[in-house]
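Read through the structure below, which is laid out as structure tokens, and then see the notes.
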Amino acid sequence: MSDTLEIQPRAQAADADSSQPGVHAPPLFSSTPAAVDWSTPAPPHPGLSGALRARLQREFLPRWTHAWGGRFFADGRMPGPDAIRLDGNDYLSISGHPQIIAAQIEALRHYASFISQSSIFQKATQPSARLEAELARWLEAPDAVLCQSGYAANLGLLQVIAEPGSPVYIDALAHMSLWEGVRAAGACARPFRHNSPEHLARCIRAHGPGLVVVDAVYSTTGALCPLAEIVEVAERGGCMIVVDESHSLGTHGPQGRGLCVALGLSHRVHFITASLAKAFAGRAGFFTLPRELRPYLMVSSFPNVFSSCLAPYEVIGLQATLEVVQGADALRQRLSALTADLRRHLTSLRYPVEQGSEQIIALEAGPEPATLALRDQLEARGVFGAVFCAPATTRDRAMVRLTLSAGLTDPEMQRLKDVFTEIAPSVQPWNWPIARRQRLHRKEADTV
Ligand SMILES: Cc1ncc(COP(=O)(O)O)c(C=O)c1O
């Protein structure tokens, strides 16, 4: 429990609407996320407005104090040298690859000084133009636009292609950046049930043609999108479709070209987007598009207009990464085999992991305190996943998310399995709310 200030009594919260900064107000928290050294005195600051402080007290302090036990939820143990790291997205274990590092160093030397500017001003001779052309060719798309991140790609694309006031049919578990793009466009989000082409079809029948938005592999659960059916429904409803391939690019399909190519759907999907911070282990994103849209998009997509583009060494590093990813079939096969092996083992121990099938595995303990307890049990045994909670999940569906990578060794896999076997009696995964829901569904299905 925290030794911080108690939640302010109602009388003191009376200045909630005041816009006056609370200069003399005592601090709300006695610690902050690990990146901040709380022991060094902070320089003077004018303080928060009464309204903001009241919101923190009302909406956040109880969560901090009670659900998180008075410390930031992500601050677990420090991983030691023999830790098994399942908290990144470097699925093919290629970060630090000598070919990529060499390309980056060479680019830093070659482009020792460059003009940092919005990509509106990029010329066709610059490295980004070549990478865009290669990414487009790789995905069998007419053109591609590089962005500063996957978030910027989704936000910037949807902001332009969604019609203000028109329906955007978005899978309930689609990534937040896609929802934010719908919001930025002023379009009308019409969420459909996760991975349900039937519900999507009903929504389109009710509200008319619009834009369909899905992830190829869902980032919290590792569920695979039933893409062929979704595309079918979108076409029948006269909709354009956007597929976020952040967690399938590099890991799925021939040469890692993703799910759309693997399923022969690339010519039927209007836009593919992806973060290059997952299997590409970089810091960028991109989307594909028809050539006729490019000029309009370049002057309308706000991240493209109002934010600086990638540095040349980043682009050239990604160019080298593309080559490494294309040649990594053996790593893709290993990742797929490790995924099947660990999923089998977890299922045999009654961990309810069947909401997904791919390299992302959700251990959905449910309430935040149970999830943090699970995290602590794993970390005490040297296994590090990532805690996902609201706003990345709904409030009572927090999870420890595990992401596998091809670089996991056989002894590490054995250790992992031993850890899950060892902690099962104390974390009791068969009693997690999702396990109970799944049992109920199975029972209902059996009685129908
Ligand atoms: C499905 C999906 N799309 C987009 C993004 C955003 O990518 P980035 O981290 O490059 O901004 C993420 C990252 O979490 C993601 O999982």
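The values are calculated or read from the model by the stated rules, or taken from the named source; none is laboratory data. Everything numeric in this text was worked out from a predicted model, so none of it was measured. Heads up, the Cβs are rebuilt from the backbone with ideal geometry, glycines too, and the neighbour counts pull from every protein chain shown.
A few notes on this one:
- Test: residue in region 414-429 that is among the aliphatic types (A, V, I, L, M), touching a Ser or Thr at 6+ places or on another chain (Cβ under 6 Å) and either closer than 17 Å to TYR351 by Cβ or free of Cβ contacts under 8 Å to residues at least 40 places away in the same chain (or both): no
- So LEU135, is it more than 17 Å from ALA320 (Cα to Cα), within 16 Å of the ligand (Cβ to nearest atom) and surrounded by 18 or more Cβ atoms within 10 Å (Cβ to Cβ): no
- The residues of region 212-227 that are within 12 Å of the ligand (Cβ to nearest atom) and either under 23 Å from GLU163 (Cβ atoms) or in contact with a helix residue (DSSP H, G or I) (Cβ under 6 Å, 6 or more places away or on another chain) (or both), listed by number, are VAL213, VAL214, ASP215, ALA216.
- Checked against (1) surrounded by fewer than 20 Cβ atoms within 10 Å (Cβ to Cβ); (2) more than 30 Å from PRO98 (Cβ to Cβ), GLU364 meets all criteria but (1).
- Residues (modelled with pLDDT under 95 and farther than 21 Å from ARG71 by Cβ) located in region 356-396: THR394
- The set of residues from region 179-203 being under 22 Å from VAL160 (Cα atoms), among the aliphatic types (A, V, I, L, M) and free of Cβ contacts under 8 Å to residues at least 60 places away in the same chain comprises VAL182, ALA185, ALA187, ALA189.
- Residue count for region 274-330, restricted to those that are more than 19 Å from HIS110 (Cβ to Cβ), among the β-branched types (Val, Ile, Thr) and within 16 Å of the ligand (Cβ to nearest atom): 2
- LEU249 falls short on exactly one of the conditions (1) crowded, with 24+ Cβ neighbours inside 10 Å; (2) at pLDDT below 95, and that condition is (2).
- Condition broken by GLY165, with the remaining ones in (1) under 26 Å from the mean Cα position of the chain (by Cα); (2) modelled with pLDDT of 95 or more satisfied: (1)
- Subset of region 342-392 [free of Cβ contacts under 8 Å to residues at least 24 places away in the same chain and either within 17 Å of GLN428 (Cβ to Cβ) or assigned to a helix (DSSP H, G or I) (or both)]: ARG343, ARG344, THR347, SER348, VAL353
- Of the residues making up region 243-266, those that are over 18 Å from PRO226 (Cβ atoms), of a type outside the set (D, E, K, R) and away from the ligand (no atom under 14 Å from the Cβ) number 3.
- Close pairs (8 angstrom Cβ cut-off, 6 or more residues apart or separate chains): in contact (Cβ under 8 Å) with a residue 60 or more places away in the chain and more than 20 Å from ARG397 (Cα to Cα) in region 166-178, more than 8 Å from the ligand (Cβ to nearest atom) and of a type in the set (S, T, N, Q) anywhere: none
- Residues of region 162-203 classified as in a helix (DSSP H, G or I), closer than 21 Å to PRO290 by Cα and more than 16 Å from the ligand (Cβ to nearest atom), total: 1
- Selection from region 402-448 of residues that are among the hydroxyl-bearing types (Ser, Thr, Tyr), assigned to a loop (DSSP other than H, G, I, E, B) and closer than 25 Å to SER219 by Cβ: SER405
- Being over 19 Å from THR393 (Cβ atoms), part of a helix (DSSP H, G or I) and in contact (Cβ under 8 Å) with a residue 12 or more places away in the chain holds for only one residue in ALA206, ALA234, and it is ALA234.
- Restricting attention to region 228-242, the residues that are surrounded by fewer than 24 Cβ atoms within 10 Å (Cβ to Cβ) and either among the acidic types (Asp, Glu) or within 15 Å of the ligand (Cβ to nearest atom) (or both) total 3.
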